[in-house]
Structure formats: structure tokens, C-alpha cells
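Colleague: Pasting a structure below so you can have a look.
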Amino acid sequence: MPADTAAPAQTHPTDAPTVQIDIVSDVMCPWCIVGYKQLEQALGAIGVGAYLRWHPFELNPQMPAEGQNMAEHLAEKYGSTPAQSVKNRKRLTDMGRELGFTFNFSDETRMQNTFLAHQLLTWAQGKGLQHPLKMALFDAHFTQGKNVGDKDVLADVATSVGLDRAEALEVLTSGSHAEQTREAQQIWTSRGISGVPSMIFEGKYLITGAQGAQNYAQLLRKVLEEREAAA
């Protein structure tokens, strides 16, 4: 695992058992927030908490600064027809609603370059606020329709979770965390990660894609049973 600059986010009561979960993801990936929300359901259902660490992955590293219309992008990349695009957006919207997350897709929804967002997340990890920033970025992009490739927008999102705006802008402008972020991306791709979300439980069990609360719960139970057996 890449070294961390601070303790991972603690998302549980202090007396609950905890599992370390590393999530490789991109803010542009709707299935990443769906998968996380499913994981959240699983954690709550079996009464276990998680130490979460988010790691960078760019679905579209060559995305230009101005971004691209989502429907056009999906048509170019996957050959999706307009009808298929509408169907997929409805499916995601319905799934999000069931999981307590709002997708506000429209014909104007744009894909953005996320390298700046990943740099901000790298920096926020050292501040102990990476997880809330990740959640806020998903909300900014998918719910509010904001351009999370824009420095000022990113600084505003950072401020909303308690980070210093001036410091955030300095990180984004100076590129102080760019090299560290690139190295983290390369580490995960070198390990065979080619799709997101990719979740690694306790450093040894990998699940790729949004696999549903039931499957996450099953793996969490397995991890806890193995821990008890080894005690």
C-alpha cells in the first residue's frame, strides 16, 4: 500500500470493530459513489466500521481542461447511443435515490478533468479531511453540476468541509502534490487496477465495481471471522 501522510478517516463508533478499506476511484465515476453507498449500507447492517483511504485513478487522463459533454463522451468512448445514455442515467438516478444520493443528470452534464481534484484529495489526507472532501466532490459534480476541474470551485468545496481556502488554492496553483498523486496512480495501475471503484479490504481482498451491499457485507464478515480465528 502507498504510505499515508495521516491516519485514514475513521467512520464508526470507537467501540465497533473496524476494517481497513482502500478505495481506488475517480470523482467522475458514478459507480464509485454508488459502490461507496452500498458499502456504507453493509457497514451499518453488520455493525462494523471502516478506516477508509481514497486513492487516485483517472478514467479520462487526456480530458481537456474545458471538459466534454457526457453523452458525447460516452458515445465516443463506449459507442453508447442517445437512447442507451438516457436509460443508463435513469438507472443510476434510481439507484442513487435508493441509496440516499442524488444524481442530477441533464443533457448539459459534462465530464471534467480530475487531476486537480485528486491533488486536493492527496493534500486533504494529510489534514484528516480526505473522506469528507471526497463526498463533497461527488455531491458537487453529480448533484450540483459544478465544474470540479476548476480551481475556484475546488477551493470552495474544500472550504465547505473545513479546509483552508487559501491553502487549497496554493496546492492547486503550485502543483505541490502533483508528483505524489501521479506516483499513487502509477502504484495502483502497476498492480493491475484498470477499473473503478476498486476496493481492497484489509490489504488482501479486492472487489472491483459496485457489487451491492450484500456482497460487501459477506466479505466484511469473512474478514472479521478470519481475524477472530487468528486471535
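Colleague: Where a ≥ b ≥ c are the square roots of the eigenvalues of the C-alpha gyration tensor, would you call the chain rounded, which needs a/c under 1.5, or, failing that, prolate if a/b is larger than b/c, or oblate?
Modeller: Verdict is oblate for the chain.
Colleague: Test of understanding: what is the full-extension gain from Ile46 to Gln62, defined as 0.36 nm times their sequence separation minus their Cα-Cα distance?
Modeller: Length gained, Ile46 through Gln62: 1.7 nm.
Colleague: Roll a 1.4 Å probe over the protein chains and send me the accessible area per residue for the stretch 11-159 in Å².
Modeller: Value returned for the stretch 11-159: 43 Å² of accessible area per residue.
Colleague: Continuing with this model, one more query. Step through the table entries Lys87/Lys222; Lys146/Lys222; Lys77/Lys151; Lys87/Lys127, compare each Cα-Cα distance with 31 Å, and write down the pairs that go over it.
Modeller: Lys87/Lys222; Lys146/Lys222; Lys87/Lys127, as the Cα separations exceed 31 Å there.
Colleague: Could the peptides 152-160, 60-68 be put in order, highest first, of the mean number of other beta-carbon atoms found within 10 Å of their residues?
Modeller: 152-160, 60-68
Colleague: Now, a different point. Taking the Cα centroid of the stretch 79-107 and of the stretch 186-231, what is the distance between the two, rounded to the nearest whole Å?
Modeller: Each part reduced to its Cα centre gives a spacing of 26 Å.
Colleague: Additional query: Which residue fluctuates most in the GNM of the chain (Cα springs below 10 Å): Thr208, Thr189, Thr181?
Modeller: For the chain, modelled as a Gaussian network with Cα springs under 10 Å, the answer is Thr189.
Colleague: Here is a follow-up. Name the aspartates and glutamates eligible as straight-distance cross-link partners of Lys134: C-alpha to C-alpha under 18 Å, and not fewer than 8 places from it in the same chain.
Modeller: Filter leaves Asp4, Asp22, Asp26, Glu40, Glu58, Asp150, Asp152, Asp156, Asp164, Glu167.
Colleague: What FRET efficiency comes out for Asp152 versus Asn215 if R0 is 45 angstrom and r is the Cβ-Cβ distance? Round to the nearest 0.05.
Modeller: Computed FRET efficiency for Asp152 and Asn215: 0.70.
Colleague: Rounded to the nearest 0.05, what FRET efficiency is calculated for Glu179 and Lys204 with R0 set to 30 Å and r the Cβ-Cβ distance?
Modeller: Efficiency, from the Cβ-Cβ distance: 0.60.
Colleague: Another question, if that's okay. Where in the chain are the helices, taken as whole DSSP H runs, whose Cα atoms extend 30 angstrom or more along the long axis and whose Kyte-Doolittle mean reaches at least 0.0?
Modeller: none
Colleague: Roll a 1.4 angstrom probe over the protein heavy atoms and tell me the percent of accessible area of the chain that is carbon or sulfur.
Modeller: Carbon plus sulfur share of accessible area: 49 percent.
Colleague: Another one. Pop a pseudo-label 7 angstrom from the Cα along the beta-carbon direction at both Glu228 and Gln20 and give the gap in nm to one decimal.
Modeller: Once both label points are built, they end up 2.2 nm from each other.
Colleague: Amide H of His55 versus every other amide H placed in the peptide plane: which residues, excluding those fewer than 5 positions away on the same chain, fall under 5 Å?
Modeller: It is Ile23, Val24, Ser25, by chain and number.
Colleague: Among His177, His55, what's the order by accessible area (1.4 angstrom probe), most exposed first?
Modeller: Ranking His177, His55 by accessible area, largest first, yields His177, His55.
Colleague: In addition: Using the beta-carbon distance between Asn69 and Gln186 and R0 = 30 Å, what value does 1/(1 + (r/R0)^6) give for FRET efficiency, to the nearest 0.05?
Modeller: It comes out at approximately 0.55.
The values are calculated or read from the model by the stated rules, or taken from the named source; none is laboratory data. Remember, it's a predicted structure, so these values are computed and weren't measured experimentally. Ideal geometry is used to build each Cβ from the backbone, glycine not excepted, and the neighbour counts take in all protein chains shown. Surface areas here come from the heavy atoms of the whole protein model, side chains and all, with no ligands, DNA or RNA. Shrake-Rupley method; radii C 1.70, N 1.55, O 1.52, S 1.80 Å.
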